[in-house]
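Enquirer: Pasting a structure here, questions to come.
Readers should treat all values here as calculations from the given coordinates under stated rules, not as data from a laboratory. Everything numeric in this text was worked out from a predicted model, so none of it was measured. Here the Cβ positions follow ideal geometry from the backbone for every residue, glycine too, while neighbour counts run over all protein chains shown.
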Amino acid sequence: QSLIIAANRLPISVKKKPDGTWDLRTSAGGLVSALLGVRKTYDMTWIGWPGVFVEEGPDRDALTATLRKQNFLPVYLTKTQVELYYNGYCNNVLWSLFHYVPLSFEAKLSEDTNMHAQWLAYKEANRAFSDAIMSVYRTGDVVWAHDYHLMLVPQMLRAYEDSMKIGWFLHTPFPSSEIYRMLPMREELLHGCLAADLVGFHTYDYARHFVSATSRILGLEATPEGVENNGSFTRVAAFPIGIDPGRFTSALRTNEVQVHINELRERFRGRKVMLGVDRLDMIKGIPHKLLAFEKFLSENPDWANKVILIQIAVPTRSDVPEYQRLASQVHELVGRINGRFGSIGSVPIQHLDCTMQFPELCALYAVTDVMLVTSQRDGMNLVSYEFVSCQSKNDAGVLVLSEFAGAAQSIGAGALLVNPYNVTDVASAIKDALTMPEVEKIERHRSSFSHVSIHTSQAWADTFISELNDTHVEAELRQKRIPPHLKPEAMVKSFQMGKERLIILGYNATLTDPMESKTKIRPKLESQKSRHKIHPVAQECLTRLCDDPNTTVCIFSGSERNKLAQIFAMLPKVWIAAENGVFIRPPLQGKNGTDTPKWLTMIETTNLDWLESVEVVFEYFCERTPRSHVEMRETSLVWSYKYADPDFGRQQARDLLQHLWTGPISNAPVDVIMGAKSVEVRPVGLSKGTAVERIVQMIGGHGKELIEVDFVACCGHFLGRDEDIFSFLE
């Protein structure tokens, strides 16, 4: 089976050598090693930007050929595209919001047009990645897209090939729906992801936030397993990523690392070593860490010469003003703390603005007594995993871990969890970690190491691909249970051959214009609903069908009869069934025409005493459920929460049913019908199926039981309770 990986960057760094050839070096990192390790099982192609700008010509052709030999397919982006798509929309908008950093208001005022340009560049880049995938895709291949850079790719691919196996994984947090809804293009991005068969996140929380966003913003039906989207189903699940612990344990046994370990132990003899390894980034909480350490030293001055904090801050985006200010703030804090608690011979903090070589980093992890991870938000934070991998099981250090890092849900049981915003809490955790008994340290490390060694990066990749294959098979089985799409040409042919035709149509959501966007709905829903008009094209078609003497058209609706009489006044030749068949009006003109607007009542309407008490219950819940409304009819009532908060609406619907069954309808001759987002109470035994049977008898005239037809078409957005209309027609 072939696997196509699509990520923003290829897993290599590219450099042109003096002789004009290209040098490729594999990048370091857990994700790269995990996905490249999948090569053992799959024939893999990795698609991404090579990280260099190469104009079209011999150079680009040579680089492409070199990359293709290693199963890499480059997507070449221009400098403008990278600036707008990557630095602009991906980093300034999506990355910020996904890490709970609100969009800059000043930037939005001055760059409104720029944000639009960034969005267009984002779509253009996603289209380029989709085209690259399609250029190598073969039927049966698995496509796995990664991260917020490629949120539109699943939908674009689905448009090309409906049966494609598509997975999408997010490596950052997914924010609460209340944060996510601030995003200007929120609907498009969600629809893009939902086209995948499987959507993966690091933690259950992120998956829950995503499902909540689809429910609240798109109004889709959410289940614990995923999201129902107009007949298709997208599975949503958590797949915590890991590292390759063997890489670290092997490195610890090398002479080079052992030499570094001995040097560090000699240098820090007599002092406890605390370590922080972070990118110099707003979300990493470095200032919070330094303030907590300062508080710890001020409360425990005797520790000043017994402990050292080594903070490695890897520079990133150093050309951005916010990051420059952060660097200045960190340097100022380090200087202040060292000046206050240091001496001529030593300082409590050693701060390094640089990256470290892998052997040095392994040695540093190995000699560390307390690892401090104080991220304000972090998709996972694999530094904590690396620290655990490098610790000795007989002389283990302690991990102090932010509860806002994804790793807290994986190895939190073996760590001291802290709220990085609470400086006192972190300072207290530092003291607990430095004074923790050896037995407890070893037990905590054993718990963490067990998880890290089992849930490796390789296991993560294998699990996701396996789940994707299973999910796709389930989707295919589910698809077989869904009735196939009606083929227009087959229907037209049958219609032309028919001598006596019957056409039955629903009204709402069948003949009407589409409902306005949920965001545009105002509280005055009744007036909005009363303005529903038949779509002009549908009206023209109905008029022509009604003029055919061999075609009978029936309109079914749950709406009240006076409203339907007004709406269909321009179509005097149709049969109308109002309130789900309680009232039937024969045509005014043409075949079966009565010339008088007489409505026939199909049930006994004298015993409707329950209506008033049900109305009281519905109004009670209407007052307590914002944006819900009641539809009043002559013989039935509907409480709709279509525009209410979906979770609150479902909860209120459950309570409403309990109120009804224990009160006004406990002995009444009624049916309670649960719609998608509504509760309807109507007379017992009433459905569109029984109504259409009466209409067919009436069309046939006296002396005939049923009309004889050789073409029947029935279309409508019917509730499950009313689908007996199809059974009757069969």
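Enquirer: List the residues, sorted by chain then number, that are 5 or more residues from Val101 or on another chain and whose placed amide H is less than 5 Å from its amide H.
Expert: The answer is none.
Enquirer: Among Val439, Phe53, Leu486, flag the residue with its Cα farthest along the positive direction of the charge dipole of the chain, charges on Cβ as +1 for Lys/Arg and -1 for Asp/Glu.
Expert: About the Cα centre, the residue reaching furthest to the positive side is Phe53.
Enquirer: May I pose another question? Search the structure for amide H atoms under 5 Å from the amide H of Gly397, placed 1.01 Å from N in the peptide plane, and list their residues when 5 or more places away or on another chain.
Expert: Ser392
Enquirer: Tell me what the chain gives for mean residue ellipticity at 222 nm when only DSSP H runs of n ≥ 4 count, each as -39,500 (n - 2.57), the sum divided by the residue total, rounded to 500 deg cm²/dmol.
Expert: Working: 26 runs with 304 residues, N = 730.
Roughly -13000 deg cm²/dmol at 222 nm, from the helical runs in the chain.
Enquirer: Oh, and also: I'd like the distance between the alpha-carbon centres of region 192-252 and region 295-359, rounded to an integer number of Å.
Expert: A separation of 37 Å, based on Cα centres.
Enquirer: Which loop trypsin sites (Lys or Arg not before Pro) in region 225-268, with loop taken from DSSP, have no more than 10 other Cβ atoms within 10 angstrom of their Cβ?
Expert: Values: sites: Arg235, Arg247, Arg253, Arg265, Arg267; in loops: Arg253.
For trypsin sites (Lys or Arg not before Pro) across region 225-268 that sit outside H, G, I, E and B with at most 10 neighbouring Cβ atoms in 10 Å, the list reads Arg253.
Enquirer: Which FRET efficiency value, to the nearest 0.05, is calculated for Lys40 and Asp724 with the Förster distance at 60 angstrom and r the Cβ-Cβ distance? Could you put the intermediate results ahead of the total?
Expert: On the way: r = 55 Å, r/R0 = 0.92.
That gives a FRET efficiency of 0.60.
Enquirer: Residue by residue, what Karplus-based ³J(HN,Hα) values in Hz, rounded to whole numbers, does region 155-168 have, using 6.51, -1.76 and 1.60 with θ = phi - 60° and x for Gly and Pro?
Expert: Along region 155-168, the couplings run 5, 5, 5, 4, 5, 6, 9, 5, 9, 5, 7, 10, x, 9 Hz.
Enquirer: Taking the alpha-carbon distance from Lys598 and a cut-off under 21 Å, which lysines remain once sequence neighbours fewer than 8 residues away in the same chain are dropped?
Expert: The qualifying lysines are Lys563, Lys573, Lys688.
Enquirer: Can you say what percent of the DSSP beta bridges in the chain, counting only those with both residues inside, are antiparallel? Round to 5. Numbers along the way, then the final one.
Expert: Numbers: 32 of 93 bridges.
About 35 percent, rounded to the nearest 5.
Enquirer: Restricting attention to region 598-695, which trypsin sites (Lys or Arg not before Pro) occupy a DSSP loop and are surrounded by at most 12 other Cβ atoms within 10 Å?
Expert: Numbers: sites: Lys598, Arg624, Arg627, Arg633, Lys642, Arg650, Arg654, Lys677, Lys688, Arg694; in loops: Lys598, Arg627, Arg633, Lys642, Lys677.
Those that pass, being in a loop and sparsely packed, are Lys598.
Enquirer: How many angstrom lie between the Cα centre of region 1-60 and the Cα centre of region 638-686?
Expert: About 57 Å separates the Cα centre of region 1-60 from the one of region 638-686.
Enquirer: I need the phi-derived Karplus couplings for region 130-135: 6.51 cos²θ - 1.76 cosθ + 1.60, θ = phi - 60°, integer Hz, Gly and Pro marked x.
Expert: Taking θ as phi minus 60°, the curve returns 4, 5, 5, 4, 5, 5 Hz for region 130-135.
Enquirer: Calculate how steeply helix 58-69 sits against the longest principal axis of the alpha-carbon atoms of the chain, using the helix alpha-carbon long axis, and give the answer as 0 to 90 degrees to the nearest 10.
Expert: 90
Enquirer: Same structure again: Can you give me the long-range amide H partners of Thr355? Hydrogens built in the peptide plane at 1.01 Å from N, cutoff under 5 Å, separation of 5 or more residues or another chain.
Expert: Answer set, sorted by chain and number: none.
Enquirer: Same structure, new question: Can you work out the Karplus-derived ³J(HN,Hα) for every residue in region 261-267? Use 6.51 cos²θ - 1.76 cosθ + 1.60 with θ = phi - 60°, whole Hz, and x for glycine or proline.
Expert: Values, residue by residue: 4, 5, 5, 5, 5, 5, 5 Hz.
Enquirer: Would you work out the charge dipole size for the chain about its Cα centre, treating the Cβ of every Lys and Arg as +1 and the Cβ of every Asp and Glu as -1, and quote it to the nearest 20 debye?
Expert: On the way: 77 positive and 86 negative charges, 169 e Å.
Once rounded to the nearest 20, the dipole reads 820 debye.
Enquirer: Answer with a single label: of [x] 111, 66, 49; [y] 105, 71, 52; [z] 79, 79, 58, which was calculated as Cα extents along the principal axes in Å from the structure in view?
Expert: [x]
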